[in-house]
Amino acid sequence: MFSFVFVTLVALQVTAIAAEPQFRGLDPCHPSPCGPNTQCSVNSVGAAVCRCIPGFFPKPDTITGCGHQCIYDSECRLHERCSSGRCVSACVPSPCGTNAECEAHNHRAICKCVRGFSGDPFLHCRQPAPIARFIVSQPAPQAIIVRASDPCAGNPCGSNTNCRNSGDRPVCSCLPGHIGDPYRGCRRGECEANTECPSFQVCENYHCVNPCLKSCGANAQCDVHNHIASCKCPVGYTGDPTNHCRIYDENELCHPSPCGLNTNCRVESGRAICTCQPGFEGNPLSLTGCRHECDSDAGCASHQACVNYKCKNPCEGLCGTQATCDIINHQPICKCPPDYLGDPYTRCYAECTSDAECPGNRVCIGLKCANPCEGACGLNAECRVDRASHKAICSCPRNWLGHPFESCRPPTLDDLCNPNPCGTNAQCTPGHDNLRRDRPVCTCLPGYVGNALVSCRRGECITDSDCGASRTCRNNECRNPCEGACGVNANCEQRNHGAVCSCPIGFRGDPFHQCTADPTRGKRHSNKKELTTTKEEKEA
């Protein structure tokens with residue numbers, strides 16, 4: 001038995017549209033949002049619902065598409081095998097013979113005789129025949145003669161066969177997966193399962209055959225994928241691809257008409273479109289079809305009246321200027337709004353319609369003269385009325401900050417630096433002046449130098465490594481490390497960004513504070529120098 005993929009029929013599209021009146025001819029299943037091997041239907045709220053066709057499973061969901069539960073045995077559990085695209089027990093149906101038991105292991109059925117029986121577990125297991133004992137009278141002492149016979153002894157069957165005892169005669173059969181004459185010899189078949197055939201063939205009676213030969217109906221197209229035949233009607237045809245495909249005539253969508261009473265049916269873009277006839281309304285897809293909107297007031301809502309078979313507002317053109325109209329049980333009632341004066345069937349007028357009709361400190365709100373400051377300003381804000389324009393003017397109290405239409409507040413230290421009053425590349429922190437008054441303090445950012453009130457520029461260096469070996473980084477500038485490093489009369493040598501201080505010859509003391517003259521050390525150095533000079537002159 002093979003599983004087939006059915007195409008969505010045009011006739012089904014009409015049925016889906018007729019079943020969902022709220023789309024008025026639009027079908028969410030056309031084109032179908034579902035994947036392969038699925039069926040699309042419309043639920044009660046007008047949404048497309050995708051379901052797998054029988055025998056198929058979501059892969060991984062119906063939007064992506066559906067497929068067989070398995071193709072290979074390895075896709076099933078160890079005690080199951082893949083059969084017709086489904087995982088089933090390897091022992092169901094049991095391939096074992098009588099008096100044999102089946103165990104599923106590694107996707108295969110293993111048959112063995114039950115305890116106390118023997119034979120071919122794929123055909124028949126039997127208990128060993130009882131040993132016949134006969135007592136024969138002879139001159140010699142009594143002897144026990146054993147007589148037993150097995151018709152399958154000597155293997156009377158051909159190669160690759162099983163032999164079973166049936167009425168004391170051998171019955172031969174080919175081994176599973178083999179074909180031929182069991183009394184002469186059986187040969188292994190071309191296949192045992194679909195997986196042993198090419199993907200475009202199936203295994204049938206141990207032969208790999210084309211599944212399309214028996215699958216599709218007349219005029220249908222057949223494709224084979226993973227051993228499964230897929231039937232569909234070609235373009236321009238419709239019908240059941242497993243039985244018969246016929247040429248599609250789109251006008252048949254309206255014959256018979258899927259629409260209700262008092263409707264017109266037309267075919268548009270391959271779909272049946274139902275509309276109400278002129279002068280009628282309703283659901284053209286329902287069984288009752290279309291009808292007049294109303295025949296009397298009872299056919300309308302309580303706030304409407306039936307006028308020329310239409311439910312309309314009975315207040316239209318009835319009441320006077322500025323009047324309101326209430327409808328009670330289809331009947332209109334005119335009245336002036338609260339605080340209005342006049343005749344509701346001619347004209348209603350209010351205390352004011354513009355600010356000019358109110359005193360200078362009042363404004364026309366809701367057709368009444370009211371204080372414009374009420375609810376106009378924010379928290380802690382002050383309000384005054386411009387008598388010329390009748391407008392409320394909101395402002396924060398003196399020296400207070402904020403938005404007068406939202407909230408006003410006294411200033412805080414954080415306000416000194418917001419917005420930043422300092423120059424570029426400078427930072428602001430709240431501080432004090434000499435009189436201890438709050439003021440912003442501007443400083444250049446780390447690594448920058450200059451006038452923080454105007455602009456700071458990036459310094460020459462940040463660390464000593466930014467300078468040469470004979471320089472050191474001071475205040476973001478590369479400077480001579482010997483500047484101010486050594487004491488009075490001391491020598492200074494730049495080395496690895498640092499200053500090395502030492503007292504000169506003839507001096508002693510702390511080179512970081514002061515070196516003083518030492519005559520004795522100077523004389524000793526002078527004598528040593530003279531001896532060296534004399535020695536050099538003699539050698540010369």
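A few remarks follow.
- R474/R387 FRET efficiency (R0 51 Å; Cβ-Cβ; nearest 0.05): 0.15
- Placing a label point 7 Å from the Cα of L26 along the Cα-to-Cβ direction, the residues of the range 38-58 whose backbone N falls under 20 Å from that point are 40-50.
- Nearest-ten-degree value, helix 519-539 long axis tilted from longest Cα axis of the chain: 70
- Centroid-to-centroid separation of the range 333-383 and the range 298-332 [C-alpha atoms, Å]: 29
- Checking every one of the trypsin sites (Lys or Arg not before Pro) in the range 429-466 against DSSP loop status and a limit of 11 other Cβ atoms within 10 Å picks out R436, R437.
- Rounded to the nearest 500, the 222 nm mean residue ellipticity of the chain from helices alone is -2000 deg cm²/dmol, with -39,500 (n - 2.57) taken per DSSP H run of at least 4 residues.
- FRET efficiency estimate (nearest 0.05) - Cβ-Cβ, I110 to Q331, R0 60 angstrom: 0.10
- As a length-normalised measure over Cα pairs under 8 Å and 6 or more apart, the relative contact order of the range 412-458 settles at 36 percent.
- Extending 7 Å from the Cα toward the beta-carbon at both N210 and W400 defines two label points whose distance is 9.4 nm.
- For the range 431-521: relative contact order, % (alpha-carbon pairs under 8 angstrom, 6 or more apart): 16
- Inter-part distance, the range 163-198 to the range 386-443, computed on C-alpha centroids, equals 103 Å.
- Order of F56, F117 under a 10 Å beta carbon neighbour criterion, fewest first: F117, F56
- Sparse packing (at most 16 other Cβ atoms within 10 Å of the Cβ) combined with a DSSP loop state is found for the following chymotrypsin sites (Phe, Trp or Tyr not before Pro) in the range 292-359: Y309, Y345.
- Residues in the range 407-443 that a label on L379 would reach, taking backbone N under 19 Å of a point 7 Å out along Cα→Cβ: 407-415
- Loop-located trypsin sites (Lys or Arg not before Pro) in the range 34-92 (DSSP state other than H, G, I, E, B) with a sparse environment of at most 12 neighbouring Cβ atoms within 10 Å: R77.
- Paramagnetic reach from T346 (point 7 Å along Cα→Cβ, amide N under 18 Å) across the range 292-326: 318-324
- Read-out P(r) over Cα pairs in 20 Å bins from 0, in percent, derived from the coordinates shown; its label in (1) 11, 17, 15, 18, 18, 14, 7, 1; (2) 20, 47, 27, 6; (3) 19, 44, 23, 9, 4, 1: (1)
Here, each number is a calculation from the coordinates, and none is a lab measurement. No experiment lies behind these values; they were computed from the predicted model shown. Note that each Cβ is placed from the backbone with ideal geometry, even for glycine, and that neighbours are counted across all protein chains shown.
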